[in-house]
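This report concerns only the one structure given below.
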Amino acid sequence: MNKTYLLKICLAITLILGTATACTFAEQSTPDQAQAPSPSITTSPSHTAKNTQEDNRRLLDAKVTRVVDGDTMKLTIDGKKETVRLLLVDTPESVNPNIPEPQPFSIEASDYAKKMLTNKDVQIELDVSERDKYGRLLCYLYIDGKMFNELLLEQGYARVAYVFAPNTKYVDQFRAIQDKAREQGIGIWSIENYAQNNGFHVPKTK
């Protein structure tokens, strides 16, 4: 057997071993690539929180047929007439038979509600307990995407009141809005000691 023949045999063996090694490496690499997780889409925390809050809302379409006063309205919901009372806010009395004269800023609150809501399409959000002892529907009311409960507080036409569990979903943000109106001294907060925790106290005239 000459040297040339032996050299050819060695080269052939080297090629065979090299091909086998390459195939083994490829087979070992393939499973890891196949099992690699696909990229996941992450959502920012603020977006998630907003979506969660919106998803938890129980919204109903309605139409305002009459404004009774600042915090009480007549609505039509799916063809049914309802009286609604806004949750967690209280405006001064303008039509209470037990109060002979309208309280300060009651007419302003009522006129504001009439201007904003009369004959308007709105949405209402229910909380846990849906009705009060008078059978009125308790709600947060939205007009053009804005919560009217908050607008009353911002304008100084209402105070945070009737905070009874479990209907306390927005009480913290309501109080924050109320604090700003009080600091600005607008509306009901322009009269010293008028709006208090237990109601409105009209200053006695001398």
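Restricting Glu150, Glu154, Glu183, Glu130 to residues that are touching a helix residue (DSSP H, G or I) at 6+ places or on another chain (Cβ under 9 Å), of a type in the set (Asp, Glu) and under 23 Å from Leu75 (Cα atoms) narrows the list to Glu150. Here is the figure for the range 170-180: residues that are out of contact with any Leu (no Cβ under 6 Å at 6 or more places or on another chain) and closer than 10 Å to Leu153 by Cβ total 5.
If you go through the range 159-176 and keep only what is part of a loop (DSSP other than H, G, I, E, B) and out of contact with any Asp or Glu (no Cβ under 6 Å at 6 or more places or on another chain), you end up with Tyr162, Val163, Phe164, Ala165, Pro166, Thr168, Tyr170. Only one entry of Leu141, Leu151 meets the criterion of being at pLDDT 95 or above, part of a strand (DSSP E or B) and closer than 20 Å to Thr65 by Cα, and that entry is Leu141.
The number of residues in the range 181-206 being part of a loop (DSSP other than H, G, I, E, B) and small (Gly, Ala, Ser) comes to 1.
The number of residues in the range 135-171 that are more than 19 Å from Pro92 (Cα to Cα) and open to solvent by 20 Å² or more (accessible area, probe 1.4 Å) comes to 9.
The values are calculated or read from the model by the stated rules, or taken from the named source; none is laboratory data. Predicted model, so just to flag it, every value in this text is computed and none were measured. Heads up, the Cβs are rebuilt from the backbone with ideal geometry, glycines too, and the neighbour counts pull from every protein chain shown. Just so you know, the surface numbers come from the protein's heavy atoms only, side chains and all, with ligands and any DNA or RNA stripped out. Shrake-Rupley method; radii C 1.70, N 1.55, O 1.52, S 1.80 Å.
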